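Asker: Got a structure here, written out as structure tokens. Questions coming.
The values are calculated or read from the model by the stated rules, or taken from the named source; none is laboratory data. What you see is a predicted model; the values in this text were computed from it and never measured. FYI the Cβ positions are ideal-geometry reconstructions off the backbone, even for glycines, and counts take in every protein chain you see.
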Ligand code: NAD
């Protein structure tokens, strides 16, 4: 298997966490006889400083010439006074739209060992395993017209979807449901919004192509409550851009730390993989960052861009085993009555790498 991976580590803790993810992917390649080639380009604040723009043309070209892009995070306090289109975060939006991925996959799962970090009771979250599929290129964030008219003192945005935009993301969600528990929850606000009525009608149309998948519809306000009361009842959750943005952040409390969560954006020219967290300037450069979200994003590269499902599952198992053995990064050890060993970013990466090596050797 040959795979060209572009690493855009970005700012803050981005380089620290992507280093650990890349080291594990290299190990998987070496042990499995695969050829993974890695190149690096700038994005975000580091690119503003070096190239005068958050997303240099050279980074876009390299991204389009690769099989997968692994992104760290962008952003830094020193750029906060820049206008929105000049800030590091603009680089993120630009690379997402250059690559064209419309289906943003964000898993939210509970680790038994980390239950103490969640504000939800262990018996509520135990066994929860949700895969959000959020539409990423449409809806309120992109709809025209949009304006803040300072003279008339009014502002407006437009939530707009075409049937085709809903069909393509719904198909991704149904296909993923087939590989999981064959249950899909579509979230909308069809009791109030026409755009949600189109969404619901279209999801029902696509559902006819997947008769083996059970479908239910939930209103977004009710769903925000169900996710906290009974997260175990959901498997694949399909929703539009704004609702997905909010519900996925809400659901990160199931896992207990932002540092654990990976994401993948599929459906465009090249898939984009990134941990959910930001650049965490408060802990950057101190070896405190949790690399597991970036490492699990590496597993998603193997699953969705390389077809290496067994190897992806081995990385996920390795993360679970390391947590079972009691190893933690600082963010996972805030409540640490058992006195778990607290590892640096590098040491946590090394522990997972070692476990991946053992599991790969045992799987032969
Ligand atoms: P953040 O995710 O960077 O940090 C929020 C809190 O979580 C901080 O206390 C941080 O220390 C902690 N945290 C985050 N990731 C962690 C990890 N891997 N290990 C341990 N602790 C971790 O969000 P923020 O503070 O709101 O934003 C900081 C910067 O990141 C801003 O410039 C923001 O715009 C940017 N940002 C970027 C992305 C991205 O690149 N995808 C996403 C969100 C925020």
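Asker: Please name all residue pairs, on different chains or six or more residues apart, with Cβ atoms under 8 Å, provided the first residue is in the range 291-316 and is within 17 Å of residue 358 (Cα to Cα) and away from the ligand (no atom under 16 Å from the Cβ) and the second residue is part of a loop (DSSP other than H, G, I, E, B) and modelled with pLDDT under 95.
Answerer: Here the result reads 310/363; 314/363, each pair linking the range 291-316 to a residue that is part of a loop (DSSP other than H, G, I, E, B) and modelled with pLDDT under 95.
Asker: Ok, one more. Report every pair of residues separated by at least 6 positions or lying on different chains whose Cβ atoms are under 7 Å apart, first residue within the range 74-87 and more than 16 Å from residue 51 (Cβ to Cβ) and without any contact (Cβ under 8 Å) to a residue 60 or more places away in the chain, second more than 7 Å from the ligand (Cβ to nearest atom) and part of a helix (DSSP H, G or I).
Answerer: 84/90
Asker: Of the conditions (1) at pLDDT below 95; (2) crowded, with 21+ Cβ neighbours inside 10 Å; (3) more than 20 Å from residue 102 (Cβ to Cβ), residue 231 fails just one. Which one is it?
Answerer: (1)
Asker: Within the range 120-148, how many residues turn out to be on the phi > 0 side of the Ramachandran plot and buried (at least 23 other Cβ atoms within 10 Å of the Cβ)?
Answerer: So the count comes out to 1.
Asker: Pick out the one residue from 205, 165, 154 that is at pLDDT 95 or above and surrounded by fewer than 12 Cβ atoms within 10 Å (Cβ to Cβ).
Answerer: Going through 205, 165, 154 in turn, just one is at pLDDT 95 or above and surrounded by fewer than 12 Cβ atoms within 10 Å (Cβ to Cβ): 154.
Per-residue answers, yes or no, for (1) more than 12 Å from the ligand (Cβ to nearest atom); (2) at pLDDT 95 or above; (3) within 19 Å of residue 361 (Cα to Cα); (4) surrounded by fewer than 22 Cβ atoms within 10 Å (Cβ to Cβ):
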{"position": "6", "(1), (2), (3), (4)": "yes, yes, no, no"}
{"position": "11", "(1), (2), (3), (4)": "no, yes, no, no"}
{"position": "20", "(1), (2), (3), (4)": "no, yes, no, no"}
{"position": "24", "(1), (2), (3), (4)": "yes, yes, yes, no"}
{"position": "53", "(1), (2), (3), (4)": "yes, yes, no, yes"}
{"position": "56", "(1), (2), (3), (4)": "yes, yes, no, yes"}
{"position": "59", "(1), (2), (3), (4)": "yes, yes, no, no"}
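Asker: Same structure, new question: Can you find even one residue in the range 110-130 that is assigned to a strand (DSSP E or B) and within 15 Å of the ligand (Cβ to nearest atom)?
Answerer: Step one: filter the range 110-130 for residues assigned to a strand (DSSP E or B), giving 129-130.
Now restrict to residues that are within 15 Å of the ligand (Cβ to nearest atom): none.
Scanning the range 110-130 turns up no residue that is assigned to a strand (DSSP E or B) and within 15 Å of the ligand (Cβ to nearest atom).
Asker: Still on this model: Which ones in the range 251-274 are away from the ligand (no atom under 13 Å from the Cβ), over 14 Å from the mean Cα position of the chain (by Cα) and under 19 Å from residue 117 (Cα atoms)?
Answerer: 254
Asker: Could you please find all residues in the range 275-289 being more than 6 Å from the ligand (Cβ to nearest atom) and either buried (at least 24 other Cβ atoms within 10 Å of the Cβ) or modelled with pLDDT under 95 (or both)?
Answerer: Matches in the range 275-289: 275, 276.
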